[in-house]
1. Does the range 119-132 contain any residue that is under 18 Å from residue 50 (Cβ atoms) and without any contact (Cβ under 8 Å) to a residue 60 or more places away in the chain?
2. Residue under question is residue 155, and the condition is that it be out of contact with any helix residue (DSSP H, G or I) (no Cβ under 6 Å at 6 or more places or on another chain) and not assigned by TED's automatic domain parsing to the domain that holds residue 19; does it hold?
3. I'd like to know if the range 160-168 contains one or more residues that are on the phi > 0 side of the Ramachandran plot, surrounded by fewer than 17 Cβ atoms within 10 Å (Cβ to Cβ) and of a type in the set (D, E, K, R).
4. Step by step: first the residues of the range 109-160, then only those that are among the β-branched types (Val, Ile, Thr) and within 20 Å of residue 72 (Cβ to Cβ), then the one that is modelled with the lowest pLDDT. Which residue is that?
5. Which one of the conditions (1) more than 16 Å from the chain's Cα centre (by Cα); (2) modelled with pLDDT under 95; (3) not assigned by TED's automatic domain parsing to the domain that holds residue 35 does residue 163 fail to meet, given that it meets all the rest?
6. Out of all the residues in the range 137-154, which are farther than 16 Å from residue 194 by Cβ and in contact (Cβ under 8 Å) with a residue 60 or more places away in the chain?
Amino acid sequence: MRILVVEDEKKVASFIKKGLQQEGYAADTVHDGADAIQNATAFDYDLVVLDLMLPGKPGLDVLREIRAKKPKLPVLVLTAKGAVEDKVAGLDAGADDYLIKPFAFAELSARIRALLRRGAQEIPCLRIADLEMDTSARQVRRGGQPIDLKLKEYALLEFLLRNAHRPVTRTMIVEHVWDIHFDSVSNVVDVHINSLRNKIDKTFQPPLIHTVRGVGYMLSDRGA
């Protein structure tokens, strides 16, 4: 899952980004309204965390433009403007949730998880064959055996599970699992795919991760 953090206070933005990365998300940060609109429309984000007090372009205008161009993209407003009329204005402009500063990161994280579940119409467990991912507990099992995954391995597997039986390109994987500073010419996607194969396919049958020649990869129990 990839999240755009729009926050003009760079220390706050860095704090949020670090916390999200520690939970396995890919996170990008921008610090003004124009960059927020450009990034939100140019890249395939799963959620936007948006401050309303931004330089250059008011946050509510940014919210309206994002909502007009990407109506299904979840937006969580994070702001010091806590009056009832401010909340009403934010929700009316298209916010999916509204969190007041100062905030506890644990609450921000819980609200993000709730919005992502709602946006994806998520069921608690993703399955294919005997491979199961409990997205609430962030646990993976195959054949009833627990599989220990690193953060990026988990994020990659989640993306593959959500796109099961559909080929996904390396670009699609990068856009959801890695942040904007990712080196697109590196082989990190292939390295992580190989690592996943060693953990979920090596000692199990049937193999689930397939290479789709000229395209990318596919998670399927029906073959490539």
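1. No - not one qualifying residue is present in the range 119-132.
2. Details: out of contact with any helix residue (DSSP H, G or I) (no Cβ under 6 Å at 6 or more places or on another chain): no; not assigned by TED's automatic domain parsing to the domain that holds residue 19: yes.
So residue 155 does not fit the description; no.
3. no
4. Ranking the candidates gives 123 first.
5. (1)
6. Those that are farther than 16 Å from residue 194 by Cβ and in contact (Cβ under 8 Å) with a residue 60 or more places away in the chain: 138, 140, 142, 143, 151.
The values are calculated or read from the model by the stated rules, or taken from the named source; none is laboratory data. On a predicted model such as this, the values are computed, not experimentally measured, just so you know. Backbone-built Cβ (ideal geometry, glycine too); neighbour counts: all protein chains shown.
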